[in-house]
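This report concerns only the one structure given below.
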Amino acid sequence: YQRRVRGDMIFSSSILFNSFFFCSLFLFSNLLCYQVNTKIKASGFYDNFHTNRSDLWVPSQSYRILHIPKTLMTPQNLHFNATLEGTPKFETGLVALVSDEPCLSNPSACCIEGDCAKYTGSHLETQTEYLYGTFEMYSRAGHNATSGDIPYLMCLATYNSDPSHNEIDVCFHGGDISMHCTYFSPDIKEHKYPLNFDSSKEYHVYAFKWQTESLEWFIDGNLVYQVTGRPVQGGIPWEPSRVVITFRPLEGFAGQAKIDIGYVSYTPIT
């Protein structure tokens, strides 16, 4: 079957068995069609991070260096079944770290093939690609021992870069009291939703619902932002994507910070 969806206007009948075509009159004379994948059928999941689930996440031996600023994403920063700080609904979950200490104390440990990082960060991604459904996270955003006003980026996302950049995010930036509702298809579109609470101090449920012709973002079950469009280049993302949790520093970061996550889940549209 066809594993990925192309976002171009497609009229070939050879792939009709793999997809539905949605068509509408365009400028009263041309028929505009776009393809919607109907073959990606992934099961839902719920992970409370009491263990490192090798059936769900890419093996923890995976390392990578991200740039601007250079950050080594290492599994050593991921702590499963760890005590969640503050007043969460759950006693334990995932605690993920960002730090400059490992690279300061042992710079060679932060190098891969001569490419050296200044910081260490945290990254998880699923082995399976997912399509339409609701992606949810119960969490407390980045914080440290002294302040939540620290430069970092924390996201729950769906991500695919091949053949076209498709991405949907719910993100938090340190020092910015807002939730970033972002998507790429492939150009970035972003909306900053102002919060009436400090996400670095409180636990909340953040989610986005990905449908064929719409994206919706939620906080504690309440809809806060919505966009509509078609699953084509420049519209709603259409590529099956991995679920990603990322926590990384931004320029000017110093010291150590952490995020606390009680669970992450995916519920497919039935």
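Of all residues in region 165-196, those that are aromatic (Phe, Trp, Tyr) and either at pLDDT below 95 or more than 20 Å from Asp220 (Cβ to Cβ) (or both) total 2. Among the criteria (1) surrounded by fewer than 19 Cβ atoms within 10 Å (Cβ to Cβ); (2) in contact with a Leu (Cβ under 7 Å, 6 or more places away or on another chain); (3) in contact (Cβ under 8 Å) with a residue 40 or more places away in the chain, the one Pro186 does not fulfil is (2).
Residue pairs whose Cβ atoms lie under 9 Å apart, sitting 6 or more positions apart in sequence or on different chains, and linking a residue in region 227-241 that is free of Cβ contacts under 8 Å to residues at least 40 places away in the same chain to a partner that is surrounded by fewer than 20 Cβ atoms within 10 Å (Cβ to Cβ) and hydroxyl-bearing (Ser, Thr, Tyr), are Thr228/Ser214; Gly229/Ser214.
Restricting to region 145-175, name every residue that is farther than 26 Å from Pro240 by Cα, in a loop (DSSP other than H, G, I, E, B) and open to solvent by less than 40 Å² (accessible area, probe 1.4 Å). Gly148, Ile150, Pro151, Gly174, listed by residue number.
Applying the condition of being surrounded by fewer than 16 Cβ atoms within 10 Å (Cβ to Cβ) and not hydrophobic (A, V, I, L, M, F, W, C) to region 99-110 and asking which residue is nearest to Asp260 (Cα to Cα) yields Glu101. Regarding region 77-98, can at least one residue be identified that is open to solvent by 70 Å² or more (accessible area, probe 1.4 Å), over 23 Å from Asp198 (Cβ atoms), out of contact with any Ser or Thr (no Cβ under 9 Å at 6 or more places or on another chain) and not in a strand (DSSP E or B)? The answer is no, given that none of the residues of region 77-98 is open to solvent by 70 Å² or more (accessible area, probe 1.4 Å), over 23 Å from Asp198 (Cβ atoms), out of contact with any Ser or Thr (no Cβ under 9 Å at 6 or more places or on another chain) and not in a strand (DSSP E or B).
The values are calculated or read from the model by the stated rules, or taken from the named source; none is laboratory data. Please read all numbers here as calculations on a predicted model, not as lab measurements. Quick reminder, even Gly has a Cβ in these numbers, built from the backbone with ideal geometry, and neighbours come from all protein chains shown. What goes into the accessible areas is simple: the full protein's heavy atoms, side chains included, and nothing from ligands, DNA or RNA. Shrake-Rupley method; radii C 1.70, N 1.55, O 1.52, S 1.80 Å.
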